[in-house]
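Undergrad: Following this message is one structure expressed as structure tokens.
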Amino acid sequence: MADIFRSPIAEPYADESFAKKIIKLATKFSEANLAKRGVKEVVKQLKKKKRGIVILAGDITPIELVAHIPIICENNGNPYVYVKTKDDLAQASLSKKATTILMLLRPSSSHELKDAYKDLYQKVLENNPYMEASS
């Protein structure tokens, strides 16, 4: 398989097994209507100070389309991670159209995905050297 383009600023980058876990859980969040996709929608959620995990595609060109998002995430305390391709995010968001960014919104305390969210939140936070480890 040919190497896929990866932006030089796509850090922290999820390895293959971690990315599969992220995509699998993101699909469940999309099915439960707890995911927002696309730059405009995700930025709107971040400006409203919504809590969640932000997943970006590592093959975005030009990267300037999403270069500001990690800064917003760091300022708001939302962890973020890059996965391999836009097609992975499209699959996770149950869309046929390539997706540059996906945000998994924090579920309510009684929601069945709450524990899975907490686990993923911690793993993404541990994987991100640019954020302080707090929840």
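Undergrad: Among the residues of the range 67-91, which ones are aliphatic (A, V, I, L, M) and assigned to a helix (DSSP H, G or I)?
TA: 69, 71, 72, 89, 90
Undergrad: Could we say that residue 50 is touching a residue at least 40 places away in the same chain (Cβ under 8 Å), closer than 14 Å to residue 102 by Cα and surrounded by fewer than 18 Cβ atoms within 10 Å (Cβ to Cβ) here?
TA: It is true that residue 50 is touching a residue at least 40 places away in the same chain (Cβ under 8 Å), closer than 14 Å to residue 102 by Cα and surrounded by fewer than 18 Cβ atoms within 10 Å (Cβ to Cβ).
Readers should treat all values here as calculations from the given coordinates under stated rules, not as data from a laboratory. Not measured: the values here are computed from a predicted model. FYI the Cβ positions are ideal-geometry reconstructions off the backbone, even for glycines, and counts take in every protein chain you see.
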